[in-house]
Every structure is written in C-alpha cells, then in structure tokens.
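Here's the structure we're looking at; comments come further down.
The values are calculated or read from the model by the stated rules, or taken from the named source; none is laboratory data. Just so it is clear, the model here is predicted, and its values are computed rather than measured. Positions of Cβ are backbone-derived with ideal geometry, glycine not excepted, and every protein chain shown enters the neighbour counts.
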Amino acid sequence: MTARAIHNPKKEPEMPPQRLGDAPIEPEYRQLMNRIAGALDEAFNGDAKGDDRKTGFVLLVFPFGEKEGRCNYISNGADRRDIVTLFKEQIKRFEGQPDITGRG
C-alpha cells in the first residue's frame, strides 16, 4: 500500500497494479486497516511525510481459526524488500536464533 493511500483515510485508496502473489486488502478489512495505518503513522511520525518519517511499521491482519482467508498487509510506505528481510530476521528470532543482525 502506498503512503498516499494511508495519509488520506477518508478517500478510498487507489488499487496498485496487481502483482504475482500480491492481492489487494480483502474488502472486509480495507477501510479499517487504512484508518488504523493512518492513525499509527500519525502517532509515530506526527505530520512528517515520506523520507522525513522516522518510524516505519507493518500491520498484518488475518482470520483466526480454520477459516478461509489470507494475511492482509499494510505499511506506511516501507520498501517490501526491507520488510522481507525484517520478516526473515524475525522468524529466526522466533525460532530461537537471536544472533541474526542487520539487512541482507
């Protein structure tokens, strides 16, 4: 999700072009996730926009239980390559390998 969509939660965000393995937020979560993302970005970064922001975040939303569905993702403009690295590092920490460091 682009930072533009997050900063204007009243306007329905434009859908980015579809990419392999990348679908829009499921309709039942879209409006609330955009509002939450806007509130988080403002709480962490105030009025700062773009490169002036100091804190990035990712919000993941998924159904509990044995339901059909997928994990819905939104961020405040973080580069997905950085998020992939962050997730890999976090998974290793969850699995008990805390010596993982940095990007790459």
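Residues considered: Ala39, Ala48. Of these, the only one that is outside any helix (DSSP H, G or I), at pLDDT 95 or above and surrounded by 10 or more Cβ atoms within 10 Å (Cβ to Cβ) is Ala48.
Here is the figure for the range 1-17: residues that are assigned to a loop (DSSP other than H, G, I, E, B) and either closer than 16 Å to Asn72 by Cα or modelled with pLDDT of 90 or more (or both) total 5.
The set of residues in the range 18-30 being surrounded by fewer than 14 Cβ atoms within 10 Å (Cβ to Cβ) and either under 14 Å from the mean Cα position of the chain (by Cα) or at pLDDT 90 or above (or both) consists of Asp22, Ala23, Pro24, Pro27, Glu28. Going residue by residue through the range 72-87, is there one that turns out to be surrounded by fewer than 16 Cβ atoms within 10 Å (Cβ to Cβ), aromatic (Phe, Trp, Tyr) and over 12 Å from the mean Cα position of the chain (by Cα)? Taking every residue of the range 72-87 in turn, none turns out to be surrounded by fewer than 16 Cβ atoms within 10 Å (Cβ to Cβ), aromatic (Phe, Trp, Tyr) and over 12 Å from the mean Cα position of the chain (by Cα).
Residues that are aliphatic (A, V, I, L, M), at pLDDT 90 or above and not in a helix (DSSP H, G or I) within the range 67-104 comprise just one, Ile74.
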